[in-house]
1. Run the quick spin-label model on SER22 and ASP50: label points 7 Å from Cα toward the beta carbon, then report their separation in nm to one decimal.
2. Based on the mean of other beta carbon atoms within 10 Å per residue, what is the order of 27-35, 118-126, most packed first?
3. Could you tell me what percent of the DSSP beta bridges with both partners in the chain are antiparallel, to the nearest 5?
4. Say R0 is 41 Å: what FRET efficiency, to the nearest 0.05, do LEU85 and GLN108 get from their beta-carbon distance?
5. Just subtract the alpha-carbon distance of LEU172 and GLU140 from 0.36 nm times their residue separation and send over the number in nm, one decimal.
6. Under the classification rounded if a/c is under 1.5, otherwise prolate if a/b is larger than b/c and oblate if not, where does region 39-173 fall, given a ≥ b ≥ c as square roots of the Cα gyration tensor eigenvalues?
Amino acid sequence: MATSVNPGYATLLTTTDTGGISVPRLLIVHHTPSPTLQALFEAAAEGARDDAIEGVEVVARPALVAADVDVLEADAYLLGTPANLGYMSGALKHFFDRIYYPCLEATQRRPYGLYVHGNNDTTGAVRAVRSVTKGLEWREAREPVEVVGEPSQASIDACWELGATVAAGLTLDA
Ligand SMILES: Cc1cc2nc3c(=O)[nH]c(=O)nc-3n(C[C@H](O)[C@H](O)[C@H](O)COP(=O)(O)O)c2cc1C
């Protein structure tokens, strides 16, 4: 069954019909305000949905609509944001502000990955996300992917690998 929050993301919001069998779920929470970030998001989502990774459901939600129930019902997280004013985007911060306390106890130790794009320096954005995820006690499944300027093919590939790694980790945890 396909669900769509935003028609523009329709092809990337397909949930798996599991026939009643529960499978681990990866939730992608992303702020995607430009074609550059769309390219990184698509690469990360494609990696997570690679055919070689079986038995993992991948759900994507824009950060401005992702809710605590989405977080509670997932087993791992993939976060994507631009660097804005030396911090994560306001959209991703808004997401964390909404889900922090409702999800604090239930989601400890869950794995997550992060990609960040900036035009000159992503350090503050990564630090900011790590500060919140440290509070949530989520564990970093892989080093964040930091992309500065025009994304190279290597950067796109790194986002793909990030998505694949976090998703594949769920098959090991299961
Ligand atoms: C208000 C604002 C603040 C920004 N602050 C930063 C920043 O602190 N560091 C950085 O590397 N890029 C910064 N940027 C650039 C964005 O990260 C960048 O526009 C975004 O990742 C999308 O990339 P694109 O414009 O190449 O599509 C900022 C952009 C805006 C609009």
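1. Between SER22 and ASP50, the simple spin-label model gives 2.8 nm.
2. Highest mean packing first, the order is 27-35, 118-126.
3. 10
4. With a Förster radius of 41 Å, E is 0.90.
5. Between LEU172 and GLU140, full extension yields an extra 10.0 nm.
6. It is oblate, given that a/c is not under 1.5 and a/b is not larger than b/c.
Here, each number is a calculation from the coordinates, and none is a lab measurement. Everything quoted here is computed from the prediction, not taken from an experiment. Positions of Cβ are backbone-derived with ideal geometry, glycine not excepted, and every protein chain shown enters the neighbour counts.
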